[in-house]
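Visitor: One structure, pasted below without further comment.
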Amino acid sequence: MDQRVIRGLPREMSVNDIKEDLVSQGIADAEVQQMTSRTTKKPLPLFLVKTKMPEKLAEIQRLAMLTVSFERKKKSSEPSQCYRCQRYGHTQRNCRLAERNAVAVMAKRMKGKILAAPLSQWAKLAGAKYGSLG
């Protein structure tokens, strides 16, 4: 299924109203979801539509008597990388592997005394050549 984002609708708009309007305009297989902010979890004035007929979406200019635009959903250009183990495909929160990041390991050992370590020590831990960070 192709994913498109609807812009131009108010955040208070009902998902059911959007779906009914899409069905009346010839898109019967549409799945509609309201997008939310990652940080605040509040609803955004953006709606995600999944359908097998993206060419019909391009023809639609109005929904619920409002002018709208459809855009392709943007994908992240980079895969997620874990800060803890430095591997790709997951984040630190979901990591089940041992820590491989030398700075993070040292920070745990020092228990918050990160600022007390000299720069040369951090350079050695990170695998950098001595003197290249100064």
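Visitor: Find the residue count for segment 34-51, including only residues that are touching a strand residue (DSSP E or B) at 6+ places or on another chain (Cβ under 8 Å) and more than 11 Å from ARG4 (Cα to Cα).
Guide: Residues that pass the stated criteria total 8.
Listed here are the residues, each with its yes/no results for (1) in a helix (DSSP H, G or I); (2) over 22 Å from the mean Cα position of the chain (by Cα); (3) on the phi > 0 side of the Ramachandran plot; (4) surrounded by fewer than 17 Cβ atoms within 10 Å (Cβ to Cβ).
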residue: MET13; (1), (2), (3), (4): no, yes, no, no
residue: ILE18; (1), (2), (3), (4): yes, yes, no, no
residue: LEU22; (1), (2), (3), (4): yes, yes, no, no
residue: ALA28; (1), (2), (3), (4): no, yes, no, yes
residue: ARG38; (1), (2), (3), (4): no, no, no, yes
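Visitor: Being free of Cβ contacts under 8 Å to residues at least 40 places away in the same chain and β-branched (Val, Ile, Thr) is the filter here, so list the residues in segment 45-77 that pass it.
Guide: Once the filter is applied, which keeps residues that are free of Cβ contacts under 8 Å to residues at least 40 places away in the same chain and β-branched (Val, Ile, Thr), segment 45-77 yields only ILE60.
Visitor: So which of LEU46, LEU57 ends up being within 17 Å of the chain's Cα centre (by Cα) and either surrounded by 15 or more Cβ atoms within 10 Å (Cβ to Cβ) or modelled with pLDDT of 95 or more (or both)?
Guide: LEU46
The values are calculated or read from the model by the stated rules, or taken from the named source; none is laboratory data. The model shown is predicted, which means the values in this text are computed figures rather than measured ones. Neighbour counts are summed over all protein chains in view; Cβ atoms, including those assigned to glycine, are modelled from backbone coordinates with ideal geometry.
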